[in-house]
1. Which ³J(HN,Hα) values in Hz, rounded to whole numbers, follow from the phi angles of region 70-87 under the Karplus curve 6.51 cos²θ - 1.76 cosθ + 1.60, where θ = phi - 60° and Gly and Pro get x?
2. Given the convex hull over the Cα atoms of region 1-61, what projected area results after averaging over all orientations, in nm²?
3. With loop defined by DSSP as not H, G, I, E or B, and exposure as at most 11 other Cβ atoms within 10 Å, which is the longest segment of the chain clear of exposed chymotrypsin sites (Phe, Trp or Tyr not before Pro)?
4. Say a paramagnetic label sat at a point 7 Å from the Cα of MET137, along Cα to Cβ; which residues of region 150-187 have their backbone N under 17 Å from it?
5. Defining a contact as two alpha carbons under 8 Å apart and six or more residues distant in sequence, what relative contact order in percent does region 72-146 show?
6. Counting alpha carbon pairs within less than 8 Å and at least 6 residues apart, what relative contact order, in whole percent, applies to the chain?
7. Among the listed pairs LYS326/LYS446; LYS180/LYS370; LYS265/LYS343; LYS56/LYS296; LYS180/LYS474; LYS352/LYS397, which have their C-alpha atoms separated by more than 25 angstrom in this model?
8. Please identify the GluC sites (Glu not before Pro) of region 176-214 that satisfy two criteria: DSSP loop assignment and at most 12 other Cβ atoms within 10 Å. Which are they?
Amino acid sequence: MIIETNQACDLVIFGAKGDLTKRKLLPALYKLEKSKKIHEHTRIIATGRADWNTQKYIKIAEKEIKYFLNEEINIFIWKKLSSRIFFCNIDVYKPLDFFRLKKILNEKKNIIVYYCAVPPNTLDSIFIGLGNANLNMIPSRIVLEKPLGICLKTSKQINDQLSKYFLESQIFRIDHYLGKESILNLLALRFANSFFFYNWSNETIDHIQITVSEEVGIEDRWNYFDTMGQMRDMVQNHLLQILTILTMDQPKDITSESIRHEKVKILRTLSPINISNINKYTVRGQYCSGFVKGEKVPAYSEENGANKNSQTETFVAIKVNLNNNKWSGIPIYLRTGKRLAHKYSEIVVFFKKNPINLFKNSQSELLQNKLIIRLEPNANIKFDFIHKIPGLEQEYKLESSQMKSNYFHQKYSKNIIDAYERLLFESIRGIQSLFVCRDEVEEAWKWIDPIIEGWKNTENNPPQLYMSGTWGPKNSDLLLAHDNRYWHEFN
Ligand code: BG6
């Protein structure tokens with residue numbers, strides 16, 4: 001077991017030149033430096049195949065941080081951070097190169113954290129290289145990005161290979177949604193509020209909608225995205241994480257083991273979707289050109305490097321059913337896509353209407369209690385409740401009004417930190433609770449694989465095109481309309 005520590009650490013980044021390092025890791029490290037969360041003797045060892053030295057890498061890192069940080073860079077903070085950075089030239093396919101890294105690591109007795117910000121097909125050589133050079137010993141840790149593999153088989157291969165060199169307690173699998181404040185708050189909302197605790201099952205809930213909508217396209221990541229699609233990129237991990245946290249039973253305590261145990265139980269109860277029912281339960285789409293926030297954007301098939309005939313989905317909507325006593329009969333609708341009308345993530349819980357309606361005017365038939373949990377942006381929680389319209393009329397007239405809690409921004413806006421900042425910090429401390437365990441990843445693939453397989457076998461039914469800047473293909477609305485429901489509107 002790894003013990004929580006504030007010891008100095010050597011953070012080794014594989015993929016120092018890559019997209020993730022530029023966009024997320026470097027800005028997160030800057031912010032950790034700013035909030036004095038990095039130990040005095042911690043070092044950052046960036047690795048890559050490029051023929052760079054430390055000076056050159058520091059210059060590149062400075063440029064990227066200036067570009068991707070959402071604030072002015074402070075020269076003193078940057079000086080401190082850059083003094084920790086070293087560049088080590090490693091070709092991960094050459095095991096002998098790892099001895100160069102070993103030499104640097106041996107200069108100190110720091111805890112070592114390897115951060116693999118690389119594509120899944122490079123991971124194997126990293127594990128082997130570290131193992132050969134004996135750099136995998138406890139208390140080193142290894143952080144891996146999602147998605148782990150592209151299907152159950154490849155994911156198992158990575159996990160099997162990984163387990164030859166590292167114990168599960170050394171492995172930190174990232175799903176950055178687990179580092180988001182609003183997702184962490186779901187546990188408090190569900191298990192600290194007795195009102196929700198007692199009203200969270202098929203006895204009181206009618207259905208749930210989870211939307212994670214993005215304005216961005218594939219951001220120049222054709223090769224990555226075209227292999228993954230929105231299903232592997234977003235549903236296999238982020239959306240299933242939200243779904244499991246939202247529906248799992250109360251864990252025995254809030255340790256990582258107990259929470260992961262409950263989440264895995266939910267993943268095992270997901271009703272299978274495959275070729276036999278794929279058209280009933282799933283919709284996939286691909287964006288064509290259009291306008292997002294007034295700006296013209298190209299179609300998916302016109303993106304840099306595109307294969308014009310690609311049938312990769314950039315939008316997915318799924319009706320999910322859970323096979324357990326608590327949730328059976330309650331659909332959970334998932335929706336996620338790129339180049340949609342607005343960037344936002346939201347959960348809407350629709351409560352059942354009362355079985356007997358005392359207030360028989362036409363309006364009251366339509367009213368329903370809803371809990372609207374906005375995860376991003378501007379996280380907040382709203383509850384739609386029904387009340388009498390004041391007045392002298394004999395008949396009761398009802399309407400719905402909204403209670404809104406803005407607690408995040410009113411009181412704690414300064415405390416909100418970026419997900420990567422939190423997850424880097426936790427991996428350096430050695431706390432695993434915000435990371436995903438092997439069983440979760442593999443159970444998620446077990447459910448996802450037959451859907452992707454099913455789509456492949458319905459090639460006469462390709463992704464439906466949707467115009468960029470809209471809410472996705474028409475069939476997404478029909479998925480709910482078949483059940484006499486509609487997507488909760490963004491506002
Ligand atoms: C990443 C995906 O995991 O999450 C991206 O690879 C996606 O394609 C991103 O855009 C969305 O993250 P967030 O935090 O902006 O919702």
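1. 8, 7, 5, 7, 9, 4, 6, 5, 4, 4, 5, 5, 5, 5, 8, 8, 10, 10
2. Details: hull surface 20.6 nm².
Quarter of the Cα hull surface area: 5.1 nm².
3. Details: sites that count: TYR412, TYR486.
The longest uninterrupted stretch comes out as 1-411.
4. Inside the label zone: 165-167, 170.
5. Details: 55 pairs, mean separation 25.8, N = 75.
In percent, rounded to a whole number, it is 34.
6. Numbers: 861 pairs, mean separation 89.1, N = 491.
Normalised by residue count, the contact order of the chain is 18 percent.
7. Working: LYS326/LYS446 22 Å; LYS180/LYS370 23 Å; LYS265/LYS343 31 Å; LYS56/LYS296 37 Å; LYS180/LYS474 31 Å; LYS352/LYS397 20 Å.
Long pairs (Cα-Cα over 25 Å): LYS265/LYS343; LYS56/LYS296; LYS180/LYS474.
8. On the way: sites: GLU181, GLU203, GLU214; in loops: GLU203, GLU214.
Taking region 176-214 and a limit of 12 other Cβ atoms within 10 Å, the loop GluC sites (Glu not before Pro) found are GLU203.
Any read-out appearing in this document is the output of simple, stated calculations on the displayed coordinates, not a laboratory observation. Being a predicted model, the structure only gives us computed values, none of them experimental. Heads up, the Cβs are rebuilt from the backbone with ideal geometry, glycines too, and the neighbour counts pull from every protein chain shown.
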